[in-house]
Every structure is written in C-alpha cells, then in structure tokens.
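Trainee: Got a structure for you, written out below as structure tokens; questions coming shortly.
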Amino acid sequence: MEARWVVRPGPPLSGCVRVSGATKNAGLKQMAAALLVPGVTVLRNIPPVADLDVMIDLLRAIGAEVEWGGPEELRIDATGPLWPEAPYELVSRMRASINVLGPLLARCGEARVAMPGGDNIGSRKLDMHFRGLEAMGAELEVVHGFIEARTNVLAGARVVLEFPSVGATENLLTAAVLAKGQTVIENAAREPEITDLAAFLNRTGARVIGAGTSTIEVEGVDELVPVESELMGDRVEAGTLLMACGMAGGEISVEGTRLEHLEMVVLKLAEMGMRVSPTPDGLWARAEGRLDAVDVATLPYPGFPTDFMPMAVSVLSVADGTAIVTENVFDNRFTFVDELNRMGADVRTEGRHAVVRGVPRLSGAPVRALDVRAGAALVLAGLAADGETTVFDCHHVARGYVDLPGKLRALGADVEAVPAG
C-alpha cells in the first residue's frame with residue numbers, strides 16, 4: 001500500500017516551529033561539490049530526506065566514502081581515487097545528480113553521467129551546462145543516454161547564461177574553482193542556495209566573489225582543503241509554513257529562516273492581508289479571516305519562486321476574489337490543478353496561466369501528490385477543506401520535506417502520516 005497523509009480541518013494554527021536545514025536545494029549541491037576536495041568534508045544541519053539517500057548512494061558509487069557522523073551530520077571522504085561515472089539507476093531518480101558533472105570534470109578530467117530524472121514539471125534542458133563547460137575547454141556529447149565529458153585542462157572563460165539557471169550556475173561554479181585562470185559567469189542565478197554553495201567553496205580555499213549577484217567571478221586554484229560546514233535553513237519549508245498559516249489562519253513563529261530569503265513571498269502574503277514580520281531568529285506571521293486574491297507571476301530569484309507556485313494556487317483557491325497565476329520558469333507545473341479542483345477549487349489553466357476564482361471553503365477528497373511542491377500544496381488545501389483529505393503518493397513530498405506532517409502538528413494542525421503497509 002502507498003504512504004498517505006490524512007488532513008482534517010482544525011483550529012487556527014499557533015505556536016513556534018524551527019525549519020530544517022535545506023538538504024534538497026543546498027545540501028545535495030554541497031555534497032556534489034565535496035568531490036572536489038581530497039579529504040573528509042563534514043556537513044551539518046543536513047537532515048535526512050528521500051533525495052539525500054539517492055545522493056549518498058551516488059557519491060558512494062563514484063568512490064567517495066559517506067557516513068553519518070551524528071544526527072544531521074554527514075562525513076564525505078573523497079580522498080581516494082574516484083570513478084567518474086554516475087549510473088542511470090541513481091541519476092534517473094533525482095535531478096540534482098547532474099551536479100556531479102562539474103566537480104568530476106574538474107577533479108578527474110572526465111565524467112560519464114546519465115541524463116537526469118526528477119520531478120515531472122517540464123523541460124529543463126542542459127544546453128547551458130554544455131555551452132559553459134565547452135567554453136572552459138571541455139568536450140561533451142550524449143551517447144546512449146549518457147553525458148560523456150572530457151578535458152585535458154579546464155581554463156577560465158567568460159560565460160553568459162541565456163537564463164539564470166540554478167543548475168547551470170552550480171555546475172559551472174564547481175568546475176571553475178579548479179580551472180586555470182579566471183571564470184566569469186554572467187546572468188548567474190542569484191538564489192540564496194548559490195550564495196551558500198559559494199560560501200562553502202570559499203571555506204575550502206576557492207576564490208569566488210559575487211555570489212548572490214548576476215555576475216560571479218571565480219579565480220581558479222590548484223587545490224582545495226576539507227572543511228566543516230553548516231547548511232542554511234530551508235526557505236521553502238519556511239514559506240510553506242507561512243502559507244499554511246494563511247490557509248488555516250492563526251499566529252505562528254518560524255525560526256531558522258531569514259526575511260531576505262523570502263521577501264517576494266512575504267510581500268505577496270502581505271498583499272493578501274497577512275501580517276509577517278522578522279524576528280531575531282526567523283519570522284512571525286498572523287492571518288485573520290479570509291485573505292484577498294492577488295496576481296502572482298513566478299520569476300528567477302529575487303522574483304516569486306516557482307517552488308511556491310503550487311502552494312500559492314492553494315492559498316488563492318480560498319481567497320476572496322479572482323487571481324491570475326503565471327508560471328514563467330517551468331512549462332508543465334500546473335498538472336496538480338486537476339487534483340485541487342477535485343477538492344472544489346475553481347482553477348482553470350491555459351498554457352502558462354491559471355485563473356483562480358476563490359471559493360469560501362474547499363471539500364475534503366482523496367488526491368495524489370504528483371511532485372514535491374504540488375503534494376505540499378494539496379496538504380495545505382486540506383487545512384481549508386471540510387471533511388477529510390487524503391493525499392496519496394506522499395513519497396514525492398518526502399523527497400524535499402523533513403516530516404511536514406510533524407511540523408504542521410506542532411502548530412496545531414490535524415495532519416496524520418499513515419505509513420505504507
């Protein structure tokens with residue numbers, strides 16, 4: 001039987017909860033970057049999510065030794081020789097596996113990486129990864145479903161991304177730290193996770209400046225040294241909890257996050273009628289009554305993040321008025337709307353746009369989580385639904401969240417995780 005979560009309506013949320021470390025969006029990328037460093041890298045505040053198991057298996061297949069050093073502490077030993085191949089059975093399960101391409105090229109001079117899998121949310125082509133690495137002197141081709149890359153020496157280059165792709169920025173950044181000379185990445189992604197990755201690399205001895213801006217400059221070094229590092233808090237989990245408050249009402253505090261990581265999300269929630277303020281260690285939020293509808297358009301950071309779009313649609317589905325939601329990043333992210341409409345929502349989609357007409361209340365129903373964030377959106381919808389909502393296929397949600405039902409229960413929500421069996 002499938003794992004499922006059961007959500008029942010309850011009182012307004014209240015209390016304080018601390019967000020987990022950003023394993024999915026920051027930790028997996030720093031694990032891949034640890035392949036650059038001969039020695040033992042220690043990552044802390046890296047809680048287990050389903051995708052973490054895949055990355056651990058992948059690093060072990062490449063030749064690194066990976067062990068738990070304590071609760072939420074991972075030790076990665078990349079001292080020995082590496083086998084620069086990422087097998088299909090692992091890469092096909094997780095998009096972040098492509099992040100080993102840059103480090104393997106820089107460390108080994110070659111890489112053979114299966115074409116990646118992950119959430120079915122639209123095309124995410126690798127053209128920018130390829131063009132950037134080719135500008136640095138690599139030769140790449142796709143043979144029988146594998147990316148085969150090789151280089152005699154990586155050399156610094158100026159690379160202009162046609163779109164501020166997070167994955168391409170990460171791969172080029174990790175390749176550039178051991179390249180000869182200076183690499184400049186223009187139109188780079190600006191997400192906080194990029195800044196966190198650059199800070200990790202700088203602690204190992206890399207020379208990276210400009211992370212968090214659209215221009216990143218990297219001066220290549222000959223070698224890196226192992227370090228101990230701690231992950232940033234998970235801003236997507238923090239935003240999910242803020243939106244849960246918007247759905248159920250109430251007053252909550254979310255610790256372990258920062259306002260500057262969620263400014264556009266907080267701005268939109270404030271436009272809807274929520275009150276959100278920074279605290280010394282996070283954010284405070286209050287929602288009273290029905291929120292107001294506002295239009296939302298996703299954009300690369302610092303715009304409204306695409307990861308929050310499904311949850312925004314859930315919030316707007318019970319808001320007062322009509323809103324237009326535009327998805328500018330991925331081309332297949334509205335597939336969850338049919339599930340939300342099963343709960344009585346009034347959402348109609350056309351291409352990259354959705355028209356959301358708010359209803360006073362949703363109706364509990366059995367629904368399926370189609371990907372990480374869509375599943376979270378349906379859980380939030382259950383907080384504003386009469387009767388019982390059962391969300392199936394919650395293994396998708398577990399790929400990116402650490403015990404989301406437990407975090408919501410800590411705030412007073414009635415969410416039960418029913419294990420498979």
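The values are calculated or read from the model by the stated rules, or taken from the named source; none is laboratory data. Small disclaimer: the values here were computed from a predicted structure and weren't measured. Here the Cβ is made from the backbone with ideal geometry for all residues, glycine too, and neighbour counts use every protein chain on show.
Trainee: Look through segment 338-372, keep the residues that are small (Gly, Ala, Ser) and buried (at least 18 other Cβ atoms within 10 Å of the Cβ), and return whichever of them is farthest from residue 289 (Cα to Cα).
Mentor: Only one residue fits best here, namely 369.
Trainee: Filter the strands (runs of 3 or more DSSP E) completely within segment 337-395 down to those with at least 1 residues that are in contact with a helix residue (DSSP H, G or I) (Cβ under 9 Å, 6 or more places away or on another chain) and within 18 Å of residue 322 (Cβ to Cβ).
Mentor: The strands (runs of 3 or more DSSP E) meeting that bar are 346-350, 353-357.
Trainee: Hey, which of the strands (runs of 3 or more DSSP E) in segment 1-79, taking only ones fully inside, have at least 1 residues that are buried (at least 21 other Cβ atoms within 10 Å of the Cβ) and among the polar types (S, T, N, Q)?
Mentor: The qualifying strands (runs of 3 or more DSSP E) are 40-44.
Trainee: While we're looking at this one, here's another question. Which residues, counting only those in segment 315-365, are without any contact (Cβ under 8 Å) to a residue 24 or more places away in the chain and of a type in the set (Val, Ile, Thr)?
Mentor: Scanning segment 315-365 gives a single hit, 349.
Trainee: Anything in segment 164-200 that is modelled with pLDDT of 95 or more, surrounded by fewer than 21 Cβ atoms within 10 Å (Cβ to Cβ) and among the small types (Gly, Ala, Ser)? List them, or say none.
Mentor: 181, 199
So that you can scan it fast, the table gives a plain yes or no per residue for (1) buried (at least 24 other Cβ atoms within 10 Å of the Cβ); (2) in the same structural domain as residue 276 (by TED's automatic domain parsing); (3) touching a residue at least 40 places away in the same chain (Cβ under 8 Å):
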{"residue": "207", "(1), (2), (3)": "no, no, no"}
{"residue": "212", "(1), (2), (3)": "no, no, no"}
{"residue": "215", "(1), (2), (3)": "no, no, no"}
{"residue": "227", "(1), (2), (3)": "no, no, yes"}
{"residue": "238", "(1), (2), (3)": "yes, yes, yes"}
{"residue": "246", "(1), (2), (3)": "yes, yes, yes"}
{"residue": "249", "(1), (2), (3)": "no, yes, yes"}
{"residue": "254", "(1), (2), (3)": "yes, yes, yes"}
{"residue": "259", "(1), (2), (3)": "no, yes, no"}
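Trainee: When the residues of segment 380-421 are narrowed to those that are within 14 Å of residue 314 (Cα to Cα) and either in contact with a Cys (Cβ under 8 Å, 6 or more places away or on another chain) or among the small types (Gly, Ala, Ser) (or both), which ends up surrounded by the most Cβ atoms within 10 Å (Cβ to Cβ)?
Mentor: 381
Trainee: Go through 298, 279, 335 for me and flag whichever is surrounded by fewer than 17 Cβ atoms within 10 Å (Cβ to Cβ), modelled with pLDDT of 95 or more and of a type in the set (Val, Ile, Thr).
Mentor: Only one candidate qualifies: 279.
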